[in-house]
Amino acid sequence: MLALVTGGTGFIGSHLVDELLSQGYTVRVLRRTTSNPLFLEGKTISSVMGDLTDRESLVRACQHIDVVYHIAALPRDWGPRKTFFEVNVDGTRNLLDACVVNKVPRFVFMSSAAVYGFPKTRQPLQESFPKHPTLNYGESKLAAEEMLWGYGLNHDIAVSAVRSPVVLGPRDHLITLFLIHALQQKRLFYIGDGNQQISLSDGRDVARCLRLAGESSISDNQPYNVKSFDSTPRLLMESFAEQLRLSAPEKCRSYLQAYVLASLVEGFWMLARRKNPPFTRHKVRVMGTSRRIDSSKAAQELKYVPRYRVLETITDSVSWYTTLNEQSLLTG
């Protein structure tokens, strides 16, 4: 089986490359000229240089492919709506068109639990739950999904989507490094008492669920939730602090206080024309709202079973971070 992975140099994509290689796949990666191939070093793969805006490069990348795993995306929680839609929607359309040209039989899309927003319910969210995304990233993922189902109905291609909540683990330069750096700088605090119930995924579990979705005929035209475990922000921060041998946060702020603070930070970043503010309203929603995901459909239909629990994910993340720092010292 020849698989194409977009976003293969990144966090989830590189874990998917590892997962596919371990199962005997031949792997091709779509790479931008600016991407860092560190996570792919020493692996027997082929690469096609291009990006989601270059239709010709996508047609080349999809030649003779049996399954496409579309992981590449703009995953930030802040930024212009237009930018998110150009990458996450238009880019996905370009890739699907390349698949149709090359008669690729299967397409697996990395979506997000951001499509659900943050509904006021204590019930775990199933795939059929109403979709009310609260940020541009989630809106773009939902729009890409809706387009995906249309391609599945109108073309000879089996499509499926995998929706994950916040993803942590080794190689993650977003949430994992944010938590570690914020703990080191003593900038973290609990929203409320910090005991909100939240679902999280380990990137390696997400990679395995993606592979399973690409292998199952049951997954045709189906979305799947994936998660590794449920936890609380308090347990998450305390466990990271313990592994890093740092003090856990002591301060608590109300949801309103945290939301106002995040709004001020975003406003300052916008006035200064800077990218990626360190604290956003979306982070407040993630850490300040109970939201659990139901992944029983993936368990029943794909035979997905998570392998990682919260402490294992955190231990492995800190070990990776320590190695990353040691390598930086050696090369710096």
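The values are calculated or read from the model by the stated rules, or taken from the named source; none is laboratory data. Being a predicted model, the structure only gives us computed values, none of them experimental. When we count neighbours, we look across all protein chains shown, and the Cβ atoms used for this are built from the backbone with ideal geometry, even at glycine.
Data for the structure
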item: Selection status of V87, surrounded by 18 or more Cβ atoms within 10 Å (Cβ to Cβ), of a type in the set (V, I, T) and touching a residue at least 60 places away in the same chain (Cβ under 8 Å); result: no
item: Subset of the stretch 266-298 [over 22 Å from L177 (Cβ atoms), outside any helix (DSSP H, G or I) and among the charged types (D, E, K, R)]; result: R273, R291, R292, D294
item: Unmet criterion (only one of (1) modelled with pLDDT under 95; (2) in contact with a strand residue (DSSP E or B) (Cβ under 7 Å, 6 or more places away or on another chain)) for I157; result: (1)
item: Identity of the residue in the stretch 213-235, surrounded by fewer than 22 Cβ atoms within 10 Å (Cβ to Cβ) and among the aliphatic types (A, V, I, L, M), that ends up nearest to S112 (Cα to Cα); result: I218
item: Pairs with Cβ under 7 Å, 6+ apart, first in the stretch 162-174 and in contact (Cβ under 8 Å) with a residue 60 or more places away in the chain, second surrounded by fewer than 21 Cβ atoms within 10 Å (Cβ to Cβ) and of a type outside the set (A, V, I, L, M); result: G169/D316; P170/D316; P170/W320; R171/F39; R171/W320
item: Within the stretch 99-215, strands (runs of 3 or more DSSP E) holding 1 or more residues that are more than 13 Å from the chain's Cα centre (by Cα) and not aromatic (F, W, Y); result: 106-110, 158-163, 198-202
item: Hits in the stretch 178-195 (condition: buried (at least 18 other Cβ atoms within 10 Å of the Cβ) and either touching a Lys or Arg at 6+ places or on another chain (Cβ under 8 Å) or within 22 Å of E146 (Cα to Cα) (or both)); result: F189, Y190, I191, G194
